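What follows is a short report on a single structure.
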């Protein structure tokens with residue numbers, strides 16, 4: 001479920017490993033992904049070239065470089081690659097290339113970008129501030145209200161809930177995640193390409209469990225985060241928490257005092273973690289998933305340009321949709337004012 | 001005025017030079033400036049430590065590493081350092097450290113970040129779009145109207161022009177550049193610390209001239225950009241353009257067909273280029289220059305947190321001021337509505 005922290009020092013050639021893994025294009029991914037926020041549409045790389053790389057799975061790349069790795073290195077790389085929450089076969093190397101580009105092509109940027117710095121007041125404070133701001137601007141809202149259908153007729157979009165309530169709007173911004181979209185009926189129907197992407201879904205079914213344990217470090221109390229790949233068939237942590245405790249104790253003798261986790265895989269509002277994609281998915285579906293469907297906009301981090309599946313990606317997609325909606329509503333008012 | 005492009009290949013140890021220059025803290029500036037957008041207020045570095053580095057001039061650092069450089073390398077490094085538009089003595093090493101941090105501590109990021117990628121439709125399109133957006137939101141404006149004084153009395157700020165026109169507002173956002181602020185009278189007066197910073201001014205008095213020339217490259221036509229350090233005492237290009245042509249021709253025999261430049265140093269709206277600072281300036285004045293003065297906000301890129309003196313920095317400072325003004329006006333309306 002996780003490597004022992006003290007085992008990391010056993011890998012003297014970690015830099016060689018990074019070099020081997022990260023160097024898919026011989027230039028640390030600079031050549032193939034020079035602008036991570038514009039993977040498909042930049043002046044330096046042809047679409048064909050990106051498509052070629054996008055076909056490669058993590059397994060393919062691993063096979064290509066494994067002769068450069070010691071047994072231990074191969075083992076830890078395999079463990080790390082399960083960050084995708086999928087298998088090495090259904091995880092696209094492209095997501096790794098994009099991630100490498102987002103950290104400026106240099107492994108030492110990983111820690112500062114991913115782990116060292118946090119929001120000073122925490123993520124909840126950010127969410128709270130955004131909600132407060134939206135409220136100040138007149139937001140009305142309902143939560144815990146699953147949507148059944150989204151129908152556009154005569155310039156009006158009607159969102160109907162499972163309870164039969166209807167919301168009508170001139171524009172709708174959907175933030176429904178990739179793996180939940182298949183539960184909603186659209187009329188007019190979504191394009192065949194988008195339907196295909198939705199049916200495939202993304203591959204992240206990670207299990208992530210926080211635990212407070214005694215007996216791991218000399219100082220006593222330790223906070224451990226365990227990541228597991230797609231284990232839905234054999235392990236649903238909320239139904240079988242003892243199995244998680246067992247796994248922590250197999251890792252190292254410890255007394256587990258507390259576990260905290262949320263199972264995004266069984267949560268009906270997400271049906272999976274944040275999106276990591278299979279090979280060929282990005283070049284085939286990214287643009288389609290980002291595009292509007294009539295008067296409905298799809299603003300999910302799951303298909304953000306750069307920080308896919310991250311808060312930054314949600315801000316990117318949300319801002320783009322909001323700007324376009326504001327523009328169109330304003331133009332509409334301008335036209336109406338002239339009549 | 002500029003190095004011959006083909007001379008660059010003469011420096012085989014360019015990487016050594018970068019290494020020597022960029023490695024002020026032994027960790028490529030990662031240790032001393034881990035968060036370039038939060039230089040003075042991050043969890044990893046103490047203020048005292050930053051103050052220590054902020055005392056170093058480019059000349060100091062050059063003296064420290066020059067034994068590692070060949071004559072040619074020393075010469076080109078000296079030329080490059082005049083990017084500040086000042087002298088090596090009055091240019092702070094800290095601005096170089098911050099710049100190194102902004103390119104993720106790695107010289108190969110310089111080209112993609114600074115030169116390879118441009119706004120697809122150009123900077124004028126960005127400015128035009130922002131102006132259009134502001135207009136759509138009710139902006140009223142005057143240009144070419146120099147300001148004489150900014151006075152706050154009884155919760156109202158009055159901006160008076162040299163022609164005697166008055167503008168009254170509940171809040172004012174000033175984007176007046178660092179080196180122009182000394183021409184405006186403030187009442188109540190600015191803090192002694194801010195006055196000190198304004199009196200010192202920044203150090204960028206660069207001359208930058210674009211030229212189209214024939215005879216430089218085998219293909220004929222070439223576009224050359226010449227950068228010069230502070231030469232105000234001896235060279236004012238708009239008064240003596242022949243001197244610029246001479247300089248280009250001394251660099252390489254060529255026929256100069258066209259020159260384009262704007263002299264920011266003699267332009268009364270800027271009185272200098274974008275801000276580069278002398279040693280000790282950042283730690284002493286950055287926070288003060290960023291702070292509000294009663295109901296007046298100072299949103300200039302010249303003292304932005306990260307991309308100081310760049311468009312991104314202007315967006316940063318402008319957004320922060322705008323958010324705060326909107327918040328306060330809204331609160332004010334809330335209070336008034338309750339009375």
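Read the figures in this text as sums done on the coordinates, not as results from a lab. As the structure is a prediction and not an experimental result, all values here were calculated from the model. With ideal geometry, Cβ positions are generated from the backbone for all residues, glycine too; neighbour counts draw on all protein chains shown.
Quickly estimate the mean residue ellipticity at 222 nm for chain A, helices only: each DSSP H run with n ≥ 4 gives -39500 (n - 2.57), and the total goes over all residues, rounded to 500. Intermediate values should be presented prior to the final figure.
Details: 10 runs with 118 residues, N = 339.
Calculated mean residue ellipticity at 222 nm is -11000 deg cm²/dmol.
Distance from the Cα centroid of region B:98-116 to that of region A:291-338 is 31 Å (rounded to whole angstrom). Chain B has one residue whose beta-carbon comes closest to the axis relating it to chain A; that residue and its distance in whole Å are B:104, 2. Using C-alpha pairs under 8 Å with a sequence gap of at least 6, the mean separation divided by the residue count of chain B gives a relative contact order of 20 percent.
So what is the orientation-averaged projected area of chain B, using the convex hull of its C-alpha atoms, in nm²?
Numbers: hull surface 83.6 nm².
That works out to 20.9 nm², a quarter of the Cα hull's surface.
Counting other Cβ atoms within 10 Å as a rough exposure proxy, the listed residues B:277, A:75 run A:75, B:277 from fewest neighbours to most.
Sorted from shortest to longest, the distances between the residue A:191 label points of this copy and the other copies are 5.4 nm, with each point 7 Å from Cα along the line through the beta carbon. Relative to the longest principal Cα axis of chain B, at what angle does helix B:281-290 sit, 0 to 90 degrees, rounded to 10? That helix lies at roughly 40 degrees to the long axis. Annotation for region B:159-236 versus region A:127-147: alpha-carbon center distance of 44 Å. How much FRET efficiency would the formula 1/(1 + (r/R0)^6) give for residue B:233 and residue A:48, where r is the Cβ-Cβ distance and R0 is 45 Å, rounded to 0.05? Efficiency, from the Cβ-Cβ distance: 0.20. With everything on Cα atoms, drop me the angle between helix B:241-251 and the longest principal axis of chain B, reported from 0 to 90° to the nearest 10. With both axes taken from Cα atoms, the answer is about 40 degrees.
Please quote Rg/Rh for region B:5-116 to two decimal places, taking the Kirkwood radius as Rh and restricting both calculations to Cα atoms. Working shown, then result.
On the way: Rg = 14.1 Å, Rh = 14.7 Å.
Rounded to two decimals, Rg over Rh is 0.96.
Using alpha-carbon positions, what is the distance between the centroids of region B:25-58 and region A:249-282, in Å? The two parts, judged by their Cα centres, are 37 Å apart.
As a proxy for reagent exposure, ranking A:227, A:143 by other Cβ atoms within 10 Å from fewest up yields A:143, A:227. Kirkwood analysis of region B:207-260, using all unique Cα-Cα pairs, places the hydrodynamic radius at 11.4 Å. Distances between copies at residue A:116, taken between label points 7 Å from Cα along the C-beta direction, are 2.4 nm in increasing order.
What is the helix-to-structure angle for B:123-136, meaning the angle in degrees between its Cα long axis and the longest Cα principal axis of chain B, kept from 0 to 90 and rounded to the nearest 10? Computed tilt is about 10 degrees. Shortest first, residue B:60 label-point distances to identical copies amount to 5.3 nm, with the label point at 7 Å from Cα along Cα→Cβ.
Cβ crowding within 10 Å ranks A:29, B:58 as A:29, B:58, fewest other Cβ atoms first.
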